[in-house]
1. Are there helices (runs of 4 or more DSSP H) fully within region A:384-469 with at least 2 residues that are open to solvent by 20 Å² or more (accessible area, probe 1.4 Å) and modelled with pLDDT of 85 or more? List them.
2. Among the residues that make up region A:335-347, is at least one of them assigned to a helix (DSSP H, G or I), touching a Pro at 6+ places or on another chain (Cβ under 9 Å) and on the phi < 0 side of the Ramachandran plot?
3. Name every residue in region A:18-55 that is within 26 Å of the chain's Cα centre (by Cα) and either part of a loop (DSSP other than H, G, I, E, B) or outside the structural domain of A:LEU94 (by TED's automatic domain parsing) (or both), in order of residue number.
4. Assess whether B:VAL439 counts as being open to solvent by less than 10 Å² (accessible area, probe 1.4 Å) and facing another protein chain (nearest Cβ under 9 Å).
5. If a residue has to be surrounded by fewer than 23 Cβ atoms within 10 Å (Cβ to Cβ) and among the hydroxyl-bearing types (Ser, Thr, Tyr) to count, how many in region B:442-467 make the cut?
6. Mind checking which pairs have a first residue in region B:41-59 that is closer than 15 Å to B:ASN5 by Cβ and a second that is outside any helix (DSSP H, G or I) and open to solvent by 60 Å² or more (accessible area, probe 1.4 Å), Cβ under 9 Å, 6 or more apart or different chains?
Amino acid sequence: MEFILQPLTLMTFFPLLGVLVLLFIPGDKKNALRWTALIASLITFLISIWVLTMFNASNPDLQLVAKYNWITVAGWNIQYYLGIDGLSILLVLLTTFLSPISILSTWTAVEERVKEFLLFFLLLEVGMTGVFLAQDLFLFYIFWEFTLVPMYFLIGIWGGPRRIYAALKFFLYTMAGSILMLLAILWLGIYQGTFSVPDLIAKGGIDPHTQLWLFIAFAAAFAIKVPMWPLHSWLPDAHVEAPTAGSVILAGVLLKMGTYGFLRFNLTLFPQAAVQAAPVIAVLAVIGIIYGAAVSYAQADIKKLVAYSSVSHLGFVMLGLFALNPQGIQGGILQMINHGLSTGALFLLVGMIYEQTHTREFKVYGGLWKVTPIFGTIFLIVSLSSMGLPGLNGFVGEFTILLGAFGSTVLNSPWYAGFAALGVIMAAVYILYMFQKMFMGPEGSIVEEVRKHGHALRDLNWREIVTIVPLLIFIFWIGLYPAPFFHLMAPSVDKLTAAFQAAALAMR
Amino acid sequence: MPPLNFSIILPLLVLTVWACLLLLVDLFVKNKGITALLAALGLAISLGITLSQVGATGTSFNNMVVLDGFSTFVNALLLVSGLFGIALAYGYVKRMGIERGEYYTLLLFSVVGMMLMAQAADLIIVFLALEMLSIPLYVLAAFARPNVNSEEAGLKYFLLGAFSTGFVVYGIALVFGATRTTSLAGIVSAANAASSGTSSLLLLTIGSALILVGLGFKVAAVPFHMWTPDVYQGAPSAVTAFMAAGAKIAGFAALLRVFSLAFPSLASDITPIIAVISALTMIVGNIIAIAQTNIKRLLAYSSIAHAGYILMAFVPYGQKGVVATSVAAGLFYLVSYALTNFGAWAVVIALEKAEGNPSTGSGQRGLEIADYAGIGRKHPALAAAMTVFMFSLTGIPPTLGFVGKFYLFRAAIAGQFYLLAVIGVLTSLISAYYYLRVVVTMYMREGEPETTSEPWLNLTWGLAAVLTVIVSLVPAPLFDWASQAVLKLF
C-alpha cells in the first residue's frame, strides 16, 4: 500500500486502473468507454497537479523519490526508482495535460474498436510518464521501449491508408536506436556497478574515449526519437498516417522523450563527451532547423507540413540543449513544452477539419475563415505561436535558445545562432503560406463538396472548443509571463550546467 | 566400489518406471485421454521429487551421474516442458486423428533422456542420453503417418540425427584417445596435465570440436540447422513444440556442462568457434525467417535464431570471472524461451485445422501467417497472448524475452565480446520485422479466422502469456535460482 501511495508511483500507474475498468465494459458501450478513459486521465492530471504543489522549485535535486530494490540478486543492482526534478516536471505535466485533451479529441473521430483504442492510449500514458520519472536505467529502458507498443498499434490499427507501413517504420526505426542504448546501459551496469542515474553521475570517472562511445550509443536512441536530421524520415510517415490523437501525443510527448533523454542522460552521464560532441550536434540541429523549414514549405499535405515543421522546431530544442549553458538549456526545455502545445494544437485543429472533409490537401481548401470563423481565429493564434510571434509562447522559447547559442562558450561561434535565426524567418514563410491557402482567398472546392453532401462545413462545437481552449491558455500564458515556468526548472538546470563547467575544465 | 546411490537419479528412475508401466497400462485403457493424464501425473510426481531435491548434491554410478543445482534446475524445466507438451497434445492428437497411447509414453522416454543429459558427468552418459532423447523424437516426428510430410520429417530427422550422433561418438573417441578417460572431471585434469603443443592436446581439441558439431545439430545451430525447418514444419505441431523446447534445453544443458567443465583449457581455441557459430546462427536464422509465410517455418527459423542467442551465453565459458553469470544467463534464457515457445505453439495449434477449407481460399490448414488475419477482432484474448509471445521473442519489455536478452547481452559484454553483443541486438531488430508481421496480420488485416478452443490448450497459452509478463516484472527469484544453480559448478 505504501508502495502505490507514493505520489509519483500513483501518477504513473493510475491510468492502469482505467485500463482495468475498461476491460470490464462491453465494447459497444462507446460513450461509457470514452468517459472512463477521460476520467482516468483527468484524475491522473489532478494527481500531477498535486505533485506540482508538493514540488519545491528551489531544490535542484530529485524530489518525491520512490525507491525500492527491485532485482538485487546475482550481481544485479536494479532499483525501482522514480524521482522528479526541474528537468522533468514540466514534461510530466505536459504529458498528463495532453492525454485527456487527446482522448477528448477522439470522441467522434474514433468509432471503430473504441475500447482497444482507449486501452492502448492509457497504456501509452503510463509508458510516457514513466519515461520522464524513471531514475534507474533498466526501469527507464522498460518504459522507453514499452511506449513503442501502444503507439505502434495506434498508428497501425486506426491510421490512414499506409498505416501498416508507417507503424512498422516507426517501430523499427525507434527500436534500432534503442537497442544500441541497451548495450550502453548494460556496459554502465556492469562496469560502473549500478543502473541508478544519480549514483552513476556521482561515480563518474569513465575515461573520455569510452564516454564518447557510450554517448554515441545513447544519442542513437534519442536522436532517432527527436528526430534529428538525418534520422527523421520515419516522422512524416508516422504523423501523416496516425490518427489525430496519435499525432498529438506523438508530436506533443513522444518526440520530447528524445530531447529529454539527451538532457537527462547524455548531458549528465557523459559530460566530457557532451562537450566534445556539442559542435557536431549543434550543426546537425541547425541543418535540421533549416531543412525542416524548407521541406515544410514544399508540402501539399497539411499534416506533412506540420510534421516537417516539428523537425525544424526540435532542431531548436537540440541547439538550445547543446549550447550547454543555462539559457540554452532552459530555452530548450521551454521550447519542448511550447512545441508540445503548439504542434499538439495544430494537429488537433487539422484533425477537426479532417473529420468533416476527409482530406488534408491544401489545394482544395481556401476561404475557410469566412465559413468557420472561430476555427479560423484559433488556427491563426496557434499558427502564430508555432512561428514564434512575440507575445505567444514560441517566441520566448526560441529567443532564449538563440541567446543561449549565441553566448555559448562551448559552441563558441555566432554562426549557429545566425543560421538558426534563419529558421525563424522560414517558419513564418511556411506557416503563413499554409494559413493563407486554407483560410483566405476564394472558397476552396472542398467547401462546395461538403455542401453537396447536404450539410455545410460547421464551425467548432463545444466539445472541440473545450478541447482546444486549455492549450490556448498556456500559449498565451507562456508568451506573456513565462517566469513561473523558468522558475520551476532553473535550479536543476543550474546544477546541471555547473557540473558541466567542472567537467569541461577538468578536460582542459 | 561404493554402493549405488539411487536417490541421485530418483526423479529419472521414477519417470522411467512410470513410462514402462504406462506402456502396459495403455493396452487396457480405451480412452487415450486417461493415458495422457497418467503420463502427466508421472511427470508431476517426478517434478515433485526434483523440486524436493533443490540444494541437494551428489554423484553416483562411479561418478558417471551427478546431481547438483544445475541438473535440478534443468530437470525441473524439462519436466515442466513435458507437462506443457502433453497439455498441447491432449486435444491436438484427437483432432488430427493421430491419437495413440504410445504418443505419451514416447514423450516420457524422451524426457527421461533429456534429464539424463542434464545429469551426465561422463561423455558415455552424454551419448546414452542423446540417443535416449532422440529416438523417441524421431518416432514422434513421424507420428502423423501416413501423412507424407510427417513421415518425411521423421526420416529426415532420423538420418541427420544419426549422422550427427556419429560426430559426437567420434569426438568422444578422440577425447578418450587424448585423455584416456571419458569422465568430465578426468578430462579436465588430463588436459591440464598435458603441456601445450603435444599431439594429445590437438586430439582433444578436435574431439571437443566434433562434440560441438553433434550437439550443435541438436540445438539447431548454423551451419547444422538445415533439418530444422522441414522437420518443424512436417512434424505434428504438438511434437514440434515439445521438440523445440525440450531438445534445445537438453542440448544446451549438455553443451554448458561439457564445455565449461571439461574443456575450459581449450577456451582459446573453442571460444572463437562458438562465437562465430553464435553470430552466424543469429544472422542466418533471423534473416531467412523474414521470407517465411508459413507460421511453422517462421517459428522454426526463430528457434534457430534463438539457439544463436543462447550460444552467446557460453562464448565466454573460459573466463573464470564471467562463466558463472553467463551460464546462469543461458539457463534463464532457456526458461524464457521455453515458456514463450510453448505459448506461441499453443496459438499455432489453436489455429491449425485437420482439413483444409477450400472456401476461404487462404492456406489450407490455418498454418499460413495470412490465416491469422482478423484474430485481433474475433478472439482478442488469443491475439493478445500471441502478441505477448511475439514481443517476448523479439525482446520487447515488459516480457520475459526482454529480461532474458538483457541477461544474455550482459554476459557477452562482461566477457568483452562487444561485436557479438552488437550482432545480437541488430539481429533482434531484424527479428522485430517478422514477428511484428504476425501482429500486423492479427490486428491490422481483416479476416475470418477459425480457431479451436480446448481447455488444456487455452490454459497453456493463457498461462504462458500471463507468466511471460508477470515473471518479467518480478524476475528476481528466477534469477536467483538460476545463479544458485550454477554456483557449485565452478
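The values are calculated or read from the model by the stated rules, or taken from the named source; none is laboratory data. A quick note: this is a predicted structure, and the numbers were derived from the prediction, not measured. All Cβ positions, glycine included, derive from the backbone under ideal geometry; neighbour counts span all protein chains shown. In case anyone asks, the SASA skips ligands and DNA or RNA and just uses the protein heavy atoms, side chains included. Shrake-Rupley method; radii C 1.70, N 1.55, O 1.52, S 1.80 Å.
1. Working: elements: A:393-406, A:415-439, A:445-452.
Once the helices (runs of 4 or more DSSP H) in region A:384-469 are filtered for at least 2 residues that are open to solvent by 20 Å² or more (accessible area, probe 1.4 Å) and modelled with pLDDT of 85 or more, what remains is A:393-406, A:415-439.
2. Applying the first criterion (assigned to a helix (DSSP H, G or I)) to region A:335-347 yields A:335-347.
Next, only the ones that are touching a Pro at 6+ places or on another chain (Cβ under 9 Å) stay: none.
Scanning region A:335-347, I find no residue that is assigned to a helix (DSSP H, G or I), touching a Pro at 6+ places or on another chain (Cβ under 9 Å) and on the phi < 0 side of the Ramachandran plot, so the answer is no.
3. Once the filter is applied, which keeps residues that are within 26 Å of the chain's Cα centre (by Cα) and either part of a loop (DSSP other than H, G, I, E, B) or outside the structural domain of A:LEU94 (by TED's automatic domain parsing) (or both), region A:18-55 yields only A:PHE55.
4. On the way: open to solvent by less than 10 Å² (accessible area, probe 1.4 Å): yes; facing another protein chain (nearest Cβ under 9 Å): yes.
Yes: the conditions hold for B:VAL439.
5. Residues that pass the stated criteria total 3.
6. Going by the 9 Å Cβ cut-off, the qualifying pairs are B:THR57/B:LYS488; B:GLY58/B:ASN5; B:THR59/B:ASN5.
Residue-wise test of (1) among the aliphatic types (A, V, I, L, M); (2) in a strand (DSSP E or B); (3) open to solvent by 10 Å² or more (accessible area, probe 1.4 Å).
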residue	(1), (2), (3)
B:LEU77	yes, no, yes
B:VAL80	yes, no, yes
B:PHE84	no, no, yes
B:MET114	yes, no, no
B:ILE124	yes, no, yes
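Each row is one residue, and each column tells you yes or no for (1) out of contact with any Lys or Arg (no Cβ under 7 Å at 6 or more places or on another chain); (2) under 20 Å from A:PHE140 (Cβ atoms); (3) within 14 Å of chain B (Cβ to nearest Cβ).
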site: A:ALA57; (1), (2), (3): yes, no, no
site: A:LEU62; (1), (2), (3): yes, yes, no
site: A:VAL65; (1), (2), (3): yes, yes, no
site: A:ILE71; (1), (2), (3): yes, yes, yes
site: A:ASP85; (1), (2), (3): yes, yes, no
site: A:THR95; (1), (2), (3): yes, yes, no
site: A:SER102; (1), (2), (3): yes, no, no
site: A:THR106; (1), (2), (3): yes, no, no
site: A:VAL114; (1), (2), (3): no, no, yes
